[in-house]
Structure formats: structure tokens, C-alpha cells
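Below: one structure, written as C-alpha cells.
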Amino acid sequence: MKQVDVAVIGTGWCGGIRAETLAKSALVDRLHICEIKPERLAEVKALTNPVTATLDYQEIVANPDIQVVYISTTPEGSHYPIARDCLKAGKHVLLEKPIALELAEADDLIAISRAKGVKFTIGYSQRFNPKIAYAKKSISEGKLGKVVNVMVSRHLSRTLGKKIANRVKLSPAAMESTHDLDFVFWLLGTKPAKVYSQGAYGYMKDLNGSYDCMWSTITMEDGTLVVVGGGWNLPPSYPNYCGTWIEITGTEGALILDDTSRDNWLNTVADGTQYPMSTMPGEHVDHMFAGQMGPETIHFLESVLLDRDPMVAPEHARMVMETYLAADISAETGDPVTLPLSNLALAKLADMKAAQ
Ligand SMILES: NC(=O)c1ccc[n+]([C@@H]2O[C@H](COP(=O)([O-])OP(=O)(O)OC[C@H]3O[C@@H](n4cnc5c(N)ncnc54)[C@H](O)[C@@H]3O)[C@@H](O)[C@H]2O)c1
């Protein structure tokens, strides 16, 4: 049986989920973990029994036994240098979204992965949500006819909004709608041509100047209309609650997906109403994984072992990135932005970053 040495760099919330999933897999020969917070490193070490546990990711890079690396670090500015070093060392990499902070960094990572002949993917998790997989199947089988419109409305608890705001100033389009742009473009199999976006201020403004909510209208090359809303100001509820509503209409049918997780209701005297298993990555529940990040983690490992393309090509992630950057520009200027981004749009983006 083929097995590999695997590492997880950054074992916070998501990296912890990945490490726990890998520790249980028969495909993993030996697990290695890396985390800069010693107390969290010790916690995940106790949970996953890795062969090595280090505070310095360069030890992972330098270890020739390690073939596959999952990078789950924050702040998001750490994604590029760590992914670059791992790819340069010839390791297969799953990197959490976003792929990078700058388009040039994304281009660099893609070029290195292609030059090295290693697999490189971005962890968006949502393509492994059974409801979204069902949408893909329905569209591919022609059940809906030609898709005319897709609408995704996603709202997160402000606890998570606040966690994100404390580390980085990225918009709800970049941090949240990025998941939806990824799977919607995958569902449709076409490219985005034009983006119009608006944002509204509320709770988050005083924390880091971010919008609470952004709604983006994207016209695809074939005229299909996509509307994606992302917000992160729901009152604190089940740690990191996420509620999503999806509407897909076509010439021959419609598919409505309620992914708000209100069907799992836990009510306790101590904590009141909770909706377990309602976070974006999902969670381990004893012998099961309830959600998408577990299957996604194993999918990447199998892609490496079976030499198959992983679900998300990095070029697709780059297209997603360009789209949320267009949304950021549009929300700032009030004008629609065409894709690919023009030099003028890129200059505007540079001005916006400089003003931050
Ligand atoms: N796909 C999804 O459903 C989903 C959901 C939430 C977050 N995310 C993404 O996953 C990533 C991680 O998010 P999170 O909520 O788990 O963050 P987190 O802050 O809980 O964990 C990140 C960890 O990385 C560690 N770290 C930072 N620099 C490091 C370094 N140089 N070496 C080793 N460890 C380092 C931090 O100490 C921290 O423990 C983010 O990029 C986020 O955008 C994805």
C-alpha cells in the first residue's frame, strides 16, 4: 500500500482539522506538524501523535521525507512565502484560500508548481459540500437546462468576522465570497466578464474599516448572471456559525439549496440555541467528519498518490482572486469593472492598497 509523509504548517482551527484528519488516515505514513504558538503545537501534538513537531516551517521544507504539505497559516500574508518555499523544495501543496495577497505572487506560485511538476491546489472546502456537489451533478446532467442565474447569500457570525479583522484587512468578497466565486465558476464552467459590487458598513467598520457585507453581481462571458453576497455580522452564535442560501435557475429547472444548518438544533440551559455542524469547514464528530474539510483533505492526498488532478486548479484560484479584486475596486469606485483587470484597474487597486 502506498503511503506518504505529510506535514501541516499552521495548526490553528483549520490546520487542526487537517492534522486530525490526516492522523486518522491509512494513506499517511508519518505526520509532521508545525505551529509557531508552542501551546497550540503541544495541543495538536497530543491530539495527533506526529513523528515530528516543530516551531519552524523551514524544518518541514528541509525534510526530504515529506512529500505533501498542507499550509493553514494566518495572517494570510504568510501564505505566499511558505507556499513558495515548499513548492520550490518539490513538495505537493494544498494552501488555504486566499492563494495570495498579490496577483504577481499567485502567478509566481503557479509557475513554480508547474516548473517543479508538483500538485498545487487551494483549499476552498465548499466543492466538498454534498449539496454543492449535487448542484454540479444536476447542471452537468442537464436537469436545469441552460443555467440563467446563480445567487449565493452567505452570512458568518461576527465572532469569526472579528477574528479575521484582527489579523488582516481583506474584504468580505476576498475572505468569504471567494469560496462562492470558486464553486459557482466551477458549476458554470465559464469565465467572469464583468463585476459590479457594493458594500455596506456596520459593526466591522470600527474594528478594521471593513464592510459588514458586500453584494457582487458578476456577468459571465456567456451572459449568465451570478449574484454573490457575503457578510460577517451575524450575532455571536455556535462558534463560527455560517448560514448559506443558494438559488440556481435555468431554462428547464431550478435548484434551491438551504445550507443554513438550522436543521441541527441544540438547546441547552447553559448556552441557549446552537446549530452544531454549521461552520464552513465542518468538524470532527467522533468517528465521522461532518462537513467538507475532512473529505477535501483526503482528496488532495489521493490526488498525489494516484497522480490525478486535484479538484481546484491554481489557475482557477487566480481567476477567483482577480474577480474579488474587481469587486473590491467596484465597491470603492461605484463603477462596474471588466475582467481581466486592465492596467487602469490594477493602478486603482495599487492606490487603494497604498491608502490602507
Ligand atoms: N476553507 C474553509 O472553510 C476555511 C475556513 C476558515 C478559514 N480558512 C482559511 O484557512 C486559513 C487558516 O484559518 P484559521 O481560521 O485556521 O486560522 P487560525 O488563526 O486559527 O490558525 C492559523 C495558525 O497558523 C499559525 N501560524 C502562523 N504563522 C505560522 C508559521 N510561520 N509557521 C507555523 N504556523 C504559523 C498561527 O499561530 C495559527 O495557530 C486562513 O487562510 C483562512 O482564510 C478556510
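The values are calculated or read from the model by the stated rules, or taken from the named source; none is laboratory data. Small disclaimer: the values here were computed from a predicted structure and weren't measured. Counting neighbours? That spans all protein chains shown, and the Cβs are built from the backbone with ideal geometry, glycine included.
At-a-glance table
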{"quantity": "Selected residue [surrounded by 14 or more Cβ atoms within 10 Å (Cβ to Cβ) and either over 30 Å from residue 355 (Cα atoms) or assigned by TED's automatic domain parsing to the domain that holds residue 160 (or both)] from 201, 275", "calculated": "275"}
{"quantity": "Residue among 103, 87, 94 that is buried (at least 24 other Cβ atoms within 10 Å of the Cβ) and touching a residue at least 40 places away in the same chain (Cβ under 8 Å)", "calculated": "94"}
{"quantity": "Flag if residue 71 is buried (at least 20 other Cβ atoms within 10 Å of the Cβ), of a type in the set (A, V, I, L, M, F, W, C) and within 7 Å of the ligand (Cβ to nearest atom)", "calculated": "no"}
{"quantity": "Strands (runs of 3 or more DSSP E) wholly inside segment 262-335 that include at least 2 residues being more than 16 Å from the ligand (Cβ to nearest atom)", "calculated": "266-268, 272-274"}
{"quantity": "Exclusive hit being within 17 Å of the chain's Cα centre (by Cα) and either more than 16 Å from the ligand (Cβ to nearest atom) or at pLDDT 95 or above (or both), set 152, 168", "calculated": "152"}
{"quantity": "Given (1) touching a residue at least 60 places away in the same chain (Cβ under 8 Å); (2) within 15 Å of the ligand (Cβ to nearest atom); (3) within 30 Å of residue 353 (Cα to Cα); (4) among the small types (Gly, Ala, Ser), index of the condition residue 113 fails", "calculated": "(2)"}
{"quantity": "Unmet requirement for residue 90, which otherwise passes all of (1) farther than 18 Å from residue 298 by Cβ; (2) within 10 Å of the ligand (Cβ to nearest atom); (3) not in a helix (DSSP H, G or I)", "calculated": "(2)"}
{"quantity": "Residue in segment 1-22 that is nearest to residue 295 (Cα to Cα), counting only those that are out of contact with any His (no Cβ under 8 Å at 6 or more places or on another chain) and more than 10 Å from the ligand (Cβ to nearest atom)", "calculated": "22"}
{"quantity": "Filter result for residue 137 (over 17 Å from the mean Cα position of the chain (by Cα), without any contact (Cβ under 8 Å) to a residue 24 or more places away in the chain, surrounded by fewer than 22 Cβ atoms within 10 Å (Cβ to Cβ) and outside the structural domain of residue 76 (by TED's automatic domain parsing))", "calculated": "yes"}
{"quantity": "Given (1) within 14 Å of the ligand (Cβ to nearest atom); (2) in contact (Cβ under 8 Å) with a residue 60 or more places away in the chain, index of the condition residue 58 fails", "calculated": "(2)"}
{"quantity": "Matching option when the condition is over 29 Å from residue 182 (Cα atoms) and not assigned by TED's automatic domain parsing to the domain that holds residue 240, among 74, 11, 21, 48", "calculated": "48"}
{"quantity": "Test: residue in segment 23-45 that is within 7 Å of the ligand (Cβ to nearest atom), over 28 Å from residue 321 (Cα atoms) and of a type in the set (D, E, K, R)", "calculated": "yes"}
{"quantity": "Helices (runs of 4 or more DSSP H) wholly inside segment 128-194 that include at least 1 residues being under 20 Å from residue 223 (Cα atoms)", "calculated": "130-140, 178-188"}
{"quantity": "Check on residue 32, free of Cβ contacts under 8 Å to residues at least 40 places away in the same chain and either in contact with a Pro (Cβ under 6 Å, 6 or more places away or on another chain) or of a type in the set (Phe, Trp, Tyr) (or both)", "calculated": "yes"}
